[in-house]
């Protein structure tokens, strides 16, 4: 919540003056609603914030699918190579991020693969199982993204489920396997 006095914003934890009286920085935090009202302080709702993965700053949902760009005449917009300009939709962006995550998780153990190729030293089973799990989880997560029919479904997918007491139950999206060395 934000506060206003005489139409001017008041910052929480910042001292202020009103009618020749100085109020300490913690006054807004410690005062009651009646004390604030008596001074003429009003509460103002904070502006909503939207997850920038799914929404523009004004709360409008971003396009889920890729868009072929066209000019004002409806003709394709081409890049310097003569290829159609495509603006990636949310799903394509999220799937690319998943590939990057999987790649970074796999990269930690690439040295085992190099060692196997150079010296024929076996890759430990735990590492092979982990790497297979990362690839499987990435593919599953991409499928889960593709299965979302609208922005609300994507938001739910990237959220978690909580019980009636507010305790975490599970992530809604498939999780990557635990690192074998942690």
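Points worth noting:
- Counting only residues that are under 37 Å from the mean Cα position of the chain (by Cα) and farther than 16 Å from residue 102 by Cβ, region 112-132 holds 7 of them.
- Here residue 40 passes the criteria (1) within 24 Å of residue 143 (Cα to Cα); (2) touching a residue at least 24 places away in the same chain (Cβ under 8 Å) except the one numbered (1).
- The one condition in (1) within 18 Å of residue 155 (Cα to Cα); (2) in contact with a helix residue (DSSP H, G or I) (Cβ under 6 Å, 6 or more places away or on another chain); (3) touching a residue at least 60 places away in the same chain (Cβ under 8 Å) that residue 90 fails to fulfil: (2)
- Residue in region 126-133 that is assigned to a loop (DSSP other than H, G, I, E, B), farther than 28 Å from residue 56 by Cβ and out of contact with any helix residue (DSSP H, G or I) (no Cβ under 6 Å at 6 or more places or on another chain) present: no
- Only one of 10, 105 that is touching a residue at least 24 places away in the same chain (Cβ under 8 Å), touching a helix residue (DSSP H, G or I) at 6+ places or on another chain (Cβ under 9 Å), surrounded by 13 or more Cβ atoms within 10 Å (Cβ to Cβ) and closer than 30 Å to residue 180 by Cβ: 105
Where a number appears in this text, it was derived from the coordinates with a stated rule and is not lab data. Treat the numbers as computed from the prediction; the structure is a model and nothing was measured. Glycine also receives a Cβ, built like all others from the backbone with ideal geometry; neighbour counts cover every protein chain displayed.
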